[in-house]
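J.: Before we start, here is the structure in question, set down as structure tokens.
Only the coordinates and a few stated rules stand behind these numbers; no lab work does. In this text, all values refer to a predicted model and were calculated from it rather than measured experimentally. Heads up, the Cβs are rebuilt from the backbone with ideal geometry, glycines too, and the neighbour counts pull from every protein chain shown.
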Amino acid sequence: MRMRLTPFILFLIVISSQVSSQTLHEYFFNNSLAGTNSGPTLTQTLSCGAAAGAFGSQTITTSAGTCSVANVFCFNAGGGVRYDNPNYITNQYTIHLFFKFNTLAGYSRVIDFSNNTSDNGVYLLNNCLNFYPTGSVGACTFVANTYYLMTFVRNSAGSISVYVNGTLFTTYNDATNNYYRPATSTTPIIFFKDDNVVTCEAKAGCIKYASITSATTSAAAVATTWTNICSVVLPIELSSFNAVEKENKTLLNWSTMTESNNEKFEVERSSDGIDFVKIGEVKGNGNSHREVDYNFTDHSPLRGINYYRLKQVDYSGESRYSYLVNTNFESKARCFYPNPTDGIITLEQKGSKSGLSIKNMLGEEVKFINEIPADGKVDLLELPSGSYILMIDGVANRLIIAK
């Protein structure tokens, strides 16, 4: 498996949950231009004699490191994709684009709102961001053959916040309304394709992820999208992943929209969101272009917060991680002390219907006590130092023995 981005811990929130009140159309480019949540299928559009683009596998490299090999859509110089959805995106929107250009000499079209009838649009000019015809804005730091998450958030007053890799890059006042689509317009939004108004200033490149919504997005949500960006290189399109507490158990449910060479999911759990152990696995569906539902039950969740993630493994052995979900069994836990302990613990509640079971972090039982002593004291001195799971009356508690 290739190096994963060090800061890219896939944490807490799936990309598609970040705009809760508006429909989010997402595109993952897993051998398809189709969108999620009833989003229109993107259409290839060509100019300047460009050949049609194509899907392929590619290592995703950003300025922060490498995610992994992923399916991407690569367009040739003069080619691009068109988003058709009249009246959905008007003067307020959030657009995420995770893409690269192969070269950056001269103008490279990023977004066009005029249906290629005007040169007005967002470009990269050499290594600078350019709002043509106004000019370049922000620092000139872009590099060819490097993927960037570029986010445009426009409010109804015309202020556009531009984020690059989750950080605010610049703001732009769209006083002339060049960078939105009027509510009565049927004009599509076009990405990457240049027009024929002047000599074709076209560049080849690739895109891995795009999303479009008519809602403005907070800076924190944009930052989370960047934090989660490596999840979009999964050879599966994970449409949902959630955890539910039920009868002292955690029910994990997830769904995929597409799968490519997906052998299995390994389910991992952690008490701190950092150190994970495998607690089970579920067979994948191999290759699929339909929604597939999966589930897994953790019969022995830990006391307190339980973090879960999916390790997706393909047939070649490559693996990638999902974002995290969690449950909290703090209110249901049985109390004991001290913790950490040198081997003797005392239960505050003495009675037990099912005895006491001690398991290692792999879920294997290493000690069982049928009856709890009247004073609540439990002798675990024979167990070596380490982390354990103390099960009592169906509730799991994290126990640390330190001698």
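J.: As an exercise, use a Förster radius of 56 Å and the Cβ-Cβ distance of Asn253 and Asn177 to find the FRET efficiency, rounded to the nearest 0.05. Write out the running numbers ahead of the final one.
T.: Values: r = 44 Å, r/R0 = 0.79.
Computed FRET efficiency for Asn253 and Asn177 comes out at 0.80.
J.: So, one more: For the pair Asp84 and Cys335, how long in nm is the line joining their label points, each one 7 Å along Cα→Cβ?
T.: About 6.5 nm, to one decimal.
J.: For each cysteine in the chain, check whether another cysteine's C-beta sits under 4.7 Å from its C-beta; list those where none does.
T.: Taking the Cβ cut-off of 4.7 Å, the unpaired cysteines of the chain are Cys335.
J.: Counting helices only, and only those DSSP H runs with n ≥ 4, report the 222 nm mean residue ellipticity of the chain as the sum of -39,500 (n - 2.57) divided by its residues, in deg cm²/dmol to the nearest 500. Write down the numbers at each step before the final one.
T.: On the way: 1 runs with 9 residues, N = 403.
Mean residue ellipticity, 222 nm, calculated: -500 deg cm²/dmol.
J.: Another question, if that's okay. Can you give the FRET efficiency to the nearest 0.05 for Ser38 and Thr117, using r as the Cβ-Cβ distance and R₀ = 35 Å? Working shown, then result.
T.: Numbers: r = 28 Å, r/R0 = 0.80.
Between Ser38 and Thr117 the formula returns 0.80.
J.: Placing +1 at every Lys and Arg Cβ and -1 at every Asp and Glu Cβ, with all other atoms neutral, what dipole size does the chain have around its Cα centre, in debye to the nearest 20? Numbers along the way, then the final one.
T.: Values: 30 positive and 33 negative charges, 43 e Å.
Approximately 200 debye in magnitude.
J.: Scan (1) 51, 20, 18; (2) 37, 22, 19; (3) 56, 35, 17 for the value of semi-axes √(5λ) of the Cα gyration tensor in Å calculated from this model and give just the label.
T.: Working out semi-axes √(5λ) of the Cα gyration tensor in Å from the coordinates points to (1).
J.: Any chance you could run the full-extension gain for Val198 through Tyr315? It's 0.36 nm times the residue separation minus the Cα-Cα distance, nm to one decimal. Each step should come with its number before you reach the end.
T.: Numbers: separation 117, 0.36 × 117 = 42.12 nm, distance 4.83 nm.
Here the segment from Val198 to Tyr315 would lengthen by 37.3 nm.
J.: While we're on this one: Put +1 on the Cβ of each Lys and Arg and -1 on the Cβ of each Asp and Glu in the chain; which of Ser38, Val110, Val222 then has its Cα farthest toward the positive end of the dipole?
T.: About the Cα centre, the residue reaching furthest to the positive side is Val110.
J.: So how far apart, in nm, are the two label points at Lys278 and Ile305 if each is 7 Å from Cα heading toward Cβ?
T.: Simple spin-label model gives 2.6 nm for this pair.
J.: Could you tell me the calculated FRET efficiency between Ala54 and Ala220, based on Cβ-Cβ distance and R0 = 35 angstrom, to the nearest 0.05?
T.: Details: r = 36 Å, r/R0 = 1.04.
The value I calculate is 0.45.
J.: I would also like to ask the following. If the limit is 29 Å between Cα atoms, which of Lys249/Lys377; Lys100/Lys283; Lys283/Lys403; Lys283/Lys359; Lys311/Lys359; Lys193/Lys311 go over it? Could you put the intermediate results ahead of the total?
T.: Numbers: Lys249/Lys377 26 Å; Lys100/Lys283 34 Å; Lys283/Lys403 40 Å; Lys283/Lys359 25 Å; Lys311/Lys359 23 Å; Lys193/Lys311 37 Å.
Pairs exceeding the cut-off: Lys100/Lys283; Lys283/Lys403; Lys193/Lys311.
J.: Right, something else. On a full-extension model of 0.36 nm per residue, what is the gain between Thr167 and Ser385, subtracting their alpha-carbon distance, rounded to one decimal in nm? Before the final figure, lay out the partial values.
T.: Values: separation 218, 0.36 × 218 = 78.48 nm, distance 4.37 nm.
Between Thr167 and Ser385, full extension yields an extra 74.1 nm.
J.: Here's another thing I want to ask about it. Report the full-extension gain for the segment Ser240 to Cys128: residue separation times 0.36 nm, less the Cα-Cα distance, to one decimal in nm.
T.: Details: separation 112, 0.36 × 112 = 40.32 nm, distance 3.65 nm.
Contour length minus Cα-Cα distance gives 36.7 nm.
J.: Note down the magnitude of the dipole of the range 118-266 about its Cα centre, charges +1 on Lys and Arg C-beta and -1 on Asp and Glu C-beta and zero elsewhere, to the nearest 20 debye. Numbers along the way, then the final one.
T.: Numbers: 8 positive and 11 negative charges, 33 e Å.
Around 160 debye, computed over the range 118-266.
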